[in-house]
1. Residues that are more than 14 Å from every other protein chain (Cβ to nearest Cβ): find the strands (runs of 3 or more DSSP E) completely inside segment A:248-362 holding 3 or more of those.
2. Please report, ordered by residue number, the strands (runs of 3 or more DSSP E) entirely within segment A:99-174 with at least 2 residues that are in contact with a helix residue (DSSP H, G or I) (Cβ under 8 Å, 6 or more places away or on another chain).
3. Does segment A:409-417 contain any residue that is within 23 Å of the chain's Cα centre (by Cα) and modelled with pLDDT of 95 or more?
4. Out of all the residues in segment B:130-149, is one or more modelled with pLDDT of 95 or more and in contact with a helix residue (DSSP H, G or I) (Cβ under 6 Å, 6 or more places away or on another chain)?
5. With the requirement that a residue be touching a helix residue (DSSP H, G or I) at 6+ places or on another chain (Cβ under 6 Å) and either outside the structural domain of residue A:343 (by TED's automatic domain parsing) or surrounded by fewer than 24 Cβ atoms within 10 Å (Cβ to Cβ) (or both), what does segment A:175-189 give you?
6. Does segment B:114-148 hold any residues that are over 22 Å from residue A:335 (Cβ atoms) and touching a residue at least 12 places away in the same chain (Cβ under 8 Å), and which are they?
7. Of the numbered conditions (1) buried (at least 18 other Cβ atoms within 10 Å of the Cβ); (2) over 26 Å from residue B:43 (Cα atoms), residue B:91 satisfies every one except a single condition; which is it?
8. If we keep just the residues of segment B:144-166 that are under 13 Å from the mean Cα position of the chain (by Cα) and within 10 Å of chain A (Cβ to nearest Cβ), which is farthest from residue B:122 (Cα to Cα)?
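The values are calculated or read from the model by the stated rules, or taken from the named source; none is laboratory data. None of the values given here were measured: they were computed from a predicted structure. Cβ atoms come from the backbone with ideal geometry, glycine included; neighbour counts cover every protein chain shown.
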C-alpha cells in the first residue's frame, strides 16, 4: 500500500481530519459539518472497508435491524427483527455516506499522525494533511490478537486468523480447532461443524446470552434496562469492562440461541483455553468449568436485572414469563491435551479477537500494551477516538452507539477549535464545504 | 450488597490491596516478585523445606522469620510418615490460595463471612509414578474442591465469590495451566 511519494507534501489544511470511513467516522463527519467544521475523512480502502473485505461469508450483525441506526438515519426495511448480512451492512453504510455527503478520500492510507505546534499532521500515501483536530475512527478491529501458543503449533497444522476465514469449503477435510469463545468463535465452530468436519473449541472467559428473552431480542432488553447506556465513568473497573469479550450471539433468520450447550448437542468437543504447545501436544487449561460457571452466574444476574425491570415497570403482562437457561454442560474431565500426532488437526482458527492498530500514531498516546490512553474517547484536547469497546458507554462499539459518543466528542472538538482559534480558519466555519 | 451501615470485616485490608494494585499499575517493574524455598533431604523420603525471604517491590524482602515444612510419605509406602506428602502440599496450597481469595473478594464485595471450609481430594493412579503404565500420568488425574461457606449472601453471590477467587488465584493457575520448570544441578 505504501506509496512511493515523498511524505511531507501538504495536500491540504483543514480544521479536522477523520481517519476511517466506517459508520462512526461518517457519523462524526455529519456532526462536524453541522458545526461548520471543515474536514476530510481519510479511508485506506473503500467506505465500510472491513465489512467488505475482512469478514466471513455468513456473518450477520449481532444486533437486530431496528437497532441499526446512525445519527439522522435508520433501517427502514421490511424486517426490523432480522439481522443484516455483511453485504447489507455495506449497503447501509454506503447509503449513510451518501446521506451525509461526507468528504471521503478513499484509497488513502494514513501512515503517520504526529503533533505539531498548531495541531496535527496526518501523513498518508497520498500526501499530508494539516489539521487542528483529529478523530481516530479506524475501528476497534484492526489486527488479530493471537495467543503466544500460536507460534509453536506443529507445522502440520494450518493456522488461520479469523479475518482470513471465509467459509468451511476453503478448509481441508479434517478436524478444526477454533480458539476463542466470543460470538465469532462460537459462530465459526457451529458453521464448520455443520459442514461435517470434526470441531474442537477452546473456551476461555465468555459472555453467554440467549438470543430471545421473554419473547424479545436480548438487545431490546439491554437497551430498555439501560445496560447499554452505562457510562465508562460509572462502572467499577473500566479497564476490565473494556476487555469483556463480545457476547455469544448469532444473527440468524430463525433467531436462534447459540451457546456452548448448542455446540455440545451438535457434537463439538469443548475444551479449556489453549495455554501451551509441547511438540505435537496442544495443552488446554483446566479452568473450563470455572469459566462456564462464571458465565452462567453472570447471565443469571443479567436476567434477574431484566426481571426486576419488568416488575418495576409493571409490564409483565406484555411479555412472556421469566425463564432460565440450563447450566452450561461441562464434561467431568474435559480434555487437557490433544496430541496431533495421534489425532490430526487440519486447521486451527484463532477467533481470539482483534485490537486497534496504532502503529502509525507518533504520539505518546499508547500504553505498554498497545492500548490507546483516553478518557472517554478524549486522547487529548484535539484528538479523539471512536468506536472502541466501552469507550464512553457500553454500547460504544455498536453501530447504534455512535450517536451519543459522536455528539459528546464533536462538542468537545468544536470547543477545542474555538479555544485554540488560529488564523487558518474562520470562526464561523465559512470555509466548510461539506454538509447539506 | 446494599450494606452501608454495617461494618464488614473479614480481616482483609482491601484499601491496601487496591492501593497496591494502583501503585503497581504505574510501576510494573515493582510487580515482579520471586518466591523462594530451599529443601534439605533428611533421610529416606523425609525432607524439610524452609521458606524465608522473597524478592518484590524492587528489593529483597525479609520476613525476619522462617517457616519449615516436613514432607514424607506414609507408612504404606514403607516410609516413616514424618510429614504430609508433597502432593498433599499441593492440595494445601490450592485450598489456602482459594480461601484467601474468597476472603479478599468477599471484603471487596461487602460480604461478611462467618465460616469457610474447603475439602479437597486429588485422585491419582499410582501406575503412573510406579512406571507400570506409561499412558498414566504421574500427577493428579483431577482435583475436587468443595467449599462450605456461611456468609451474609445469596447462594449465587457465594458461588460468584468462589468463581472470582479461582479467576484470581495463583495456585489455581499453576495447577490448571502448564508451567516451564528448569531443574539444574549446581
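1. Here the list reads A:347-350.
2. Of the strands (runs of 3 or more DSSP E) lying wholly inside segment A:99-174, those with at least 2 residues that are in contact with a helix residue (DSSP H, G or I) (Cβ under 8 Å, 6 or more places away or on another chain) span A:133-136.
3. Within segment A:409-417, one or more residues are within 23 Å of the chain's Cα centre (by Cα) and modelled with pLDDT of 95 or more.
4. The answer is yes; a qualifying residue exists.
5. Within segment A:175-189, no residue meets the criteria.
6. B:114, B:115, B:116, B:117, B:118, B:119, B:120, B:146, B:147, B:148
7. (2)
8. Filtering segment B:144-166 for residues that are under 13 Å from the mean Cα position of the chain (by Cα) and within 10 Å of chain A (Cβ to nearest Cβ), the one farthest from residue B:122 (Cα to Cα) comes out as B:165.
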